[in-house]
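Derivation of every value follows stated rules applied to the coordinates shown; laboratory data play no part. Just so it is clear, the model here is predicted, and its values are computed rather than measured. Backbone-built Cβ (ideal geometry, glycine too); neighbour counts: all protein chains shown.
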Amino acid sequence: MIPVGGLDISQDDTLIADDAATKAKNADLSHEGALAVRDTVMTVTDILVFIIIYFVTMLAVVGRVDARL
C-alpha cells in the first residue's frame, strides 16, 4: 500500500501487466504503421522509376527516327 494524501492506494499486478501489454500492442501498431509507410514509399518509387525509364527510352527511340519520314 502506498499512502497518498491520507488514502491508501495499492497497485494490482494485473494493472501493471495490462499496462505492459498495452505498451507492447501500441509498439506493434507503430511498427506496422512504419512498415506500411515504407511499403507505400517503395511502391511509389518503383512506379516513378518505371515512368522515367519509359519516357527516356521513348525519347531515345523517337530521336533516332529519320525526320524525313
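Between 48, 34, 62, the Cα set farthest toward the positive side of the dipole of segment 28-69 (charges on each charged residue's Cβ, about the Cα centre) is that of 62. You can think of it this way: the chain between residue 21 and residue 39 has 3.8 nm of extra reach, that is 0.36 nm per residue less the Cα-Cα gap.
What the phi angles of segment 27-33 give under the Karplus curve with 6.51, -1.76 and 1.60, with θ = phi - 60°, is a coupling list of 5, 5, 5, 5, 5, 5, x Hz, glycine and proline written as x.
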